[in-house]
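J.: This is the structure I have questions about; it appears just below.
The values are calculated or read from the model by the stated rules, or taken from the named source; none is laboratory data. Here the structure is a predicted model, which is why all the values come from computation and not from measurement. Glycine also receives a Cβ, built like all others from the backbone with ideal geometry; neighbour counts cover every protein chain displayed. Remember, those area values only see protein heavy atoms, side chains included, never the ligands or the DNA or RNA. Shrake-Rupley method; radii C 1.70, N 1.55, O 1.52, S 1.80 Å.
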Amino acid sequence: MLIPRLVLGCGHLTGGASTAESRRLLDHARASGIGHFDTAPSYGIGTAEDVVGQAFGDDPQVAITAKIGSARPAAPLLKTVARRALRLVRGGPRATPPYQPSMPGQGHAAEGCFDPAFMAESFAITARKLRRTPIDQLLLHESHAAPPAPHIVAFLDRLLAEGRAGHVGIANGTVYDPALRAACPAHWTMQAAIDPAMLLAPTMLPDAPTILHTLVKTDGWARANDPRYAAAADQVLDAFAKLAPRNALAILLPYCLVARNAPAAKLIYTSSVLERLDAVLAAAREIDRTEAVDAIATAFDNAYRSAPDER
């Protein structure tokens, strides 16, 4: 099943000038079966938390992932107006450079701030904006330390003990690192980008919650760097053409592969375009209705094994 595993990433949802548009997208996602939403202080130029809180702060059936450690942008409402105007002028979002998986041990983004006073203030602001306590998942944003410093562990465990967080852990932009996972307390959540290997083979994960992201970008990277992967993906999309529109099915192919290979993990999907979100969720519902996740993943495995290696 895909829909119960999906988490909607809210990094591009903004309040201010775009609040009504963002609320429509959130409400549509909820009506389509999404019950988990991912936020951070920096998301939506600093406005995403408030929009998610307006939509779901009092909904006990919805889970929210929040983060501490990242800075909040200054003048967020003014920036939403400026970004909206810029998009109207240029006709859409900026093109982004090709994705390159950041493997364990390679360079990574700057770490967050985990001073206890900063974390306490950040948590208080986040809880107010999200309009809820406890927060379902409270994760350190871009914490690459292994193991986490004792004062960080103590701070998060205190929030757990006081009932102000349901789960705590780490959220990184880099690829899932088993060594970092092992260095963290056993009950902590790990949120990270998928390792490209997760597209090709089963992955052993611990019992603690795991949330994986960057599936679409990793799929694009695999297509560009592995001709066998690209050939197998195209063959699967042709074979299941009657199931859903090709564009939506192409987005969901890596979700089917990781859903089969890491069956306990939650999977983040991010979109700020209502039409695209609707198409992807409609395709996901059809995949779930026909119980096609394993069939798609198995067809990919067979096609990948039989494809010529042109590298």
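J.: On average, how much area does the Cα convex hull of the chain cover when viewed from any direction, in nm²?
T.: Seen from a random direction, the Cα hull of the chain projects 15.9 nm² on average.
J.: If you roll a 1.4 Å probe over the heavy atoms of the protein chains, what accessible area per residue do you get for the chain, in Å²?
T.: Solvent-accessible surface per residue comes out at 45 Å².
J.: Any idea what angle helix 19-31 forms with the longest principal axis of the chain, computed on alpha-carbon atoms, 0 to 90 degrees, nearest 10?
T.: 60 degrees
J.: Count charges around Gln137 for me, please; just the other residues with Cβ under 11 Å from its Cβ, Lys/Arg as +1, Asp/Glu as -1.
T.: Within the 11 Å Cβ shell, the charges total 0.
J.: Further question: Please list, in chain and number order, the residues 5+ apart from Thr189 or on another chain whose amide H is under 5 Å from its amide H, with Hs placed from the backbone.
T.: Val168, Gly169, Ile170
J.: Calculate the tail of P(r) for the range 199-311: the fraction of all Cα-Cα distances greater than 21 Å, expressed in %.
T.: 35 percent
J.: Please report Rg (one decimal) and Dmax (integer) in Å for the Cα set of the range 1-55.
T.: So, for the range 1-55, Rg and Dmax equal 10.8, 36 Å respectively.
J.: Between the helical axis of 76-90 and the dominant principal axis of the chain, each derived from Cα atoms, what acute angle in degrees is found, rounded to the nearest 10?
T.: The angle comes out at about 30 degrees.
J.: If we sort 54-62, 41-49, 28-36 on the protection proxy, mean other Cβ atoms within 10 Å, highest first, what's the order?
T.: Result, highest mean first: 41-49, 28-36, 54-62.
J.: Calculated from DSSP H runs of 4 or more alone, at -39500 (n - 2.57) each and per residue, what is the 222 nm mean residue ellipticity of the chain, nearest 500?
T.: So the helix-based figure for the chain works out to -14000 deg cm²/dmol.
J.: Using the Cβ atoms and a cut-off under 11 Å, what net charge is assigned to the surroundings of Phe37, where Lys and Arg are +1 and Asp and Glu are -1?
T.: That works out to -3.
J.: Check Thr270: other-chain or 5+ apart residues with amide H under 5 Å from its amide H, H built from backbone geometry?
T.: Long-range HN contacts for Thr270: Gly9.
J.: What does the net charge come to around Ala264 if you take all other residues with beta carbon closer than 14 Å to its beta carbon, with K and R at +1 and D and E at -1?
T.: Around Ala264, the surrounding residues sum to +3.
J.: Quote the relative contact order of the chain in percent (integer), defining contacts as alpha-carbon pairs under 8 Å separated by 6+ residues.
T.: In percent, rounded to a whole number, it is 21.
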